[in-house]
Structures are given as C-alpha cells and as structure tokens.
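*Asks:* Structure below; questions to follow.
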Amino acid sequence: MNHVVPDLGIQVYSSQLFEGDTLVGVFNGIYCVTQDHKTNPATQKKVADFLAQEKKLGRKAYNLPVKNEGKFTGEFEVYNDQQELIGHNKVTIHHKPINLIHSEQTIEVEGVINRKWTAMRTRTSNSHQFHGPICLVMVLAMAAIYILLATATPSHTNCGHVKR
C-alpha cells in the first residue's frame, strides 16, 4: 500500500506480512518523490540531502509521547478499484499512554469508510505491536500518520512534536 504526500514530496509505503488470512507484521518506509531526477541538479541535491538525513535518523525510533495524552489527525484520499477519486477519509488516532511502553490507541475513520476501534499498542525499541481488534486500515493509517508526524510541526498535534 502506498500513500503519496504531495505537500512533503514523499511517498509512504506499508508492506504487510500474512500467515493465511492473519496479518502478522507490517513494515513501513518513505521515498522522496521526483519527476526530473536525471536532469535537474536541484532535485538531485534534494534527494541526496533526503538520503543523508534518513541515514542519520533512520535507525532512531520515533516514539509517541509516553506521558502526554492527545490526538493525531490526517486526511486521506480514497480511490476505487479503477483508481478514481471517490472521496476523502479523516483519520484520528486518540493516544492515551498507560506506561512507558504501553498506550491505548482509539482510531476513528470518517468519510467514505466509517469505523472506530480501540487497541493496546506496545513498543519495544523500533518494534510496535497492536493487541486487540485490528484491521489493515488501522495499520496503514497509523503508519502513514506516524511518518507524517515525524516531519510535522507542533501545530499538527496537541501531544507536542517529538523529534526522531
């Protein structure tokens, strides 16, 4: 699954690992999106700077605040199987820390698709696990929002910005 984030010039990807019908793991990443890399020195520099920053910060875990409750929001375009835009979904993650490695995550999806559920999130270094009701939409939405938050300004969240 890919999410293009035009404002940031990046593409977020999520790859899912299944055992039968059971989702057992997800890994995520980001790409710098370009259209003229071969011919534009400014674009080449932008990509080189992006790669240098990712090499520097890529292994450092992005952790949600361990003491501050809050919410994160984002809007996603929704496309049908013909790749036609059919609307938008607002995704809100309500973050409620329980202790240093556990938090309760309530996810609301509103718009074309409407869902709400709560799961327990456990973090150990760069590994995140979700316990309780979960679906692919949650994993993808959270992956995209976490990556957006890593580049967000404090005004995007009331939890406060956490630098990687």
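*Asks:* Return a whole-number percent for the relative contact order of the stretch 1-82, with Cα pairs under 8 Å and 6 or more residues apart as the contact set. Working shown, then result.
*Replies:* On the way: 59 pairs, mean separation 12.9, N = 82.
Answer for the stretch 1-82 is 16 percent.
*Asks:* How many nm is it between the label spots at residue 4 and residue 44, if each spot is 7 Å from the Cα in line with the beta carbon?
*Replies:* 2.5 nm
*Asks:* Report the net charge of residues surrounding residue 94, where surrounding means a beta-carbon distance below 15 angstrom and charges are Lys +1, Arg +1, Asp -1, Glu -1.
*Replies:* Working: positive: 71, 90, 96, 115, 116, 121; negative: 69, 104, 108, 110.
Net of charged neighbours comes to +2.
*Asks:* Can you give the accessible area of residue 96 in Å² (nearest 10), computed on protein heavy atoms with a 1.4 Å probe?
*Replies:* Counting only protein heavy atoms, the figure is 90 Å².
*Asks:* Here is a follow-up. Gain in length, residue 116 to residue 22, computed as 0.36 nm per residue apart minus the alpha-carbon separation, to one decimal in nm?
*Replies:* Details: separation 94, 0.36 × 94 = 33.84 nm, distance 2.00 nm.
Length difference between fully extended and current span is 31.8 nm.
*Asks:* If R₀ is 30 angstrom, what is the calculated FRET efficiency for the pair residue 77 and residue 54, using the beta carbon separation as r and rounding to 0.05? Kindly include the intermediate steps, with their values, before the conclusion.
*Replies:* On the way: r = 25 Å, r/R0 = 0.84.
For R0 = 30 Å, the calculated efficiency reads 0.75.
*Asks:* Can you list the lysines whose alpha carbon sits under 29 Å from that of residue 56, skipping same-chain ones fewer than 8 residues off?
*Replies:* 38, 45, 46, 67, 71, 163
The values are calculated or read from the model by the stated rules, or taken from the named source; none is laboratory data. Not measured: the values here are computed from a predicted model. Methodologically, a virtual Cβ is constructed for each residue, glycine included, from the backbone with ideal geometry; neighbour enumeration extends over all protein chains shown. For the accessible areas, the whole protein counts, side chains as well, though only heavy atoms, and no ligand, DNA or RNA atoms are used. Shrake-Rupley method; radii C 1.70, N 1.55, O 1.52, S 1.80 Å.
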